[in-house]
């Protein structure tokens, strides 16, 4: 009888751990190949039952590591274009990633030049290699390491089974616990937790903001992106003098789009 009672208590405890609402605040850095474009800001991840949202807190210019290089800003639709010294341009937008685990759907907003589009993918995009158990502590949570290669980069992630059976920032997911920390081994993309909030009241605000939007696939997004680059290259050619050459190339993105340098 005592063993049965103990088993019931353990089971109830595990259910409570995995059913509570979790909010994690992260510090997110993109250390771009061109340092002037590097950014650092905060994001929130909220997990509740079969859904999660991950978003940045603001669209402030403060996210740029070299704010003194900012020359001007211009509002273009829902985006803010920032001009930095030496004709470098960046677009500020509010990121919002929505996951529905029951439907195995991930939806997020992307930019093709200065236009916002909405992209849908499956949640489990990563093929993780879980490392032997370790006692790595992150914000007092025992974590285990996993490694995966994804769209041109190798990532090292630390996840905890003590908070949630799944979930993670950005597109990261698919481990038997919530991902607390992750970085690409080249340090281009680094996500570190700042704070964990259990039973967060913010979880009541979870909803799919893309419910009425036109969703395209990742493959369609890449095709449209390449098409826009070709259009830009054509405009550049028309503006050039006879005998001049030019090119467009994707050099600073977290994910490899598989688009090679295009020239004329």
Kindly check whether there is at least one residue in region 79-95 that is outside any loop (DSSP other than H, G, I, E, B), more than 17 Å from the chain's Cα centre (by Cα) and surrounded by fewer than 14 Cβ atoms within 10 Å (Cβ to Cβ).
yes
Within region 237-260, the residues that are more than 29 Å from the chain's Cα centre (by Cα), loosely packed, with under 10 Cβ neighbours inside 10 Å and in a loop (DSSP other than H, G, I, E, B) are 241, 242, 243, 245
Among the residues of region 130-168 satisfying the criterion of being free of Cβ contacts under 8 Å to residues at least 12 places away in the same chain and part of a loop (DSSP other than H, G, I, E, B), which is farthest from residue 197 (Cα to Cα)?
132
Could you tell me whether region 242-252 includes any residue that is modelled with pLDDT of 85 or more and in contact with a strand residue (DSSP E or B) (Cβ under 9 Å, 6 or more places away or on another chain)?
yes
Can you report the number of residues in region 120-168 which are closer than 30 Å to residue 209 by Cα and buried (at least 19 other Cβ atoms within 10 Å of the Cβ)?
14
Would a scan of region 105-121 turn up a residue that is farther than 21 Å from residue 70 by Cα and not in a strand (DSSP E or B)?
no
Of the residues 234, 198, 171, 222, only one is touching a residue at least 60 places away in the same chain (Cβ under 8 Å) and either surrounded by fewer than 16 Cβ atoms within 10 Å (Cβ to Cβ) or over 26 Å from residue 23 (Cα atoms) (or both); which?
198
Being under 26 Å from residue 178 (Cβ atoms), out of contact with any helix residue (DSSP H, G or I) (no Cβ under 9 Å at 6 or more places or on another chain) and at pLDDT below 95 narrows it down to one of 260, 235, 198, 228, so name that one.
198
Residue by residue through region 43-57, note down the ones that are part of a loop (DSSP other than H, G, I, E, B) and touching a residue at least 24 places away in the same chain (Cβ under 8 Å).
49, 50
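The values are calculated or read from the model by the stated rules, or taken from the named source; none is laboratory data. The structure displayed is predicted, hence computed values, not measured ones. Using ideal geometry, Cβ is built from the backbone for each residue, glycine included, and neighbour counts are taken over all protein chains shown.
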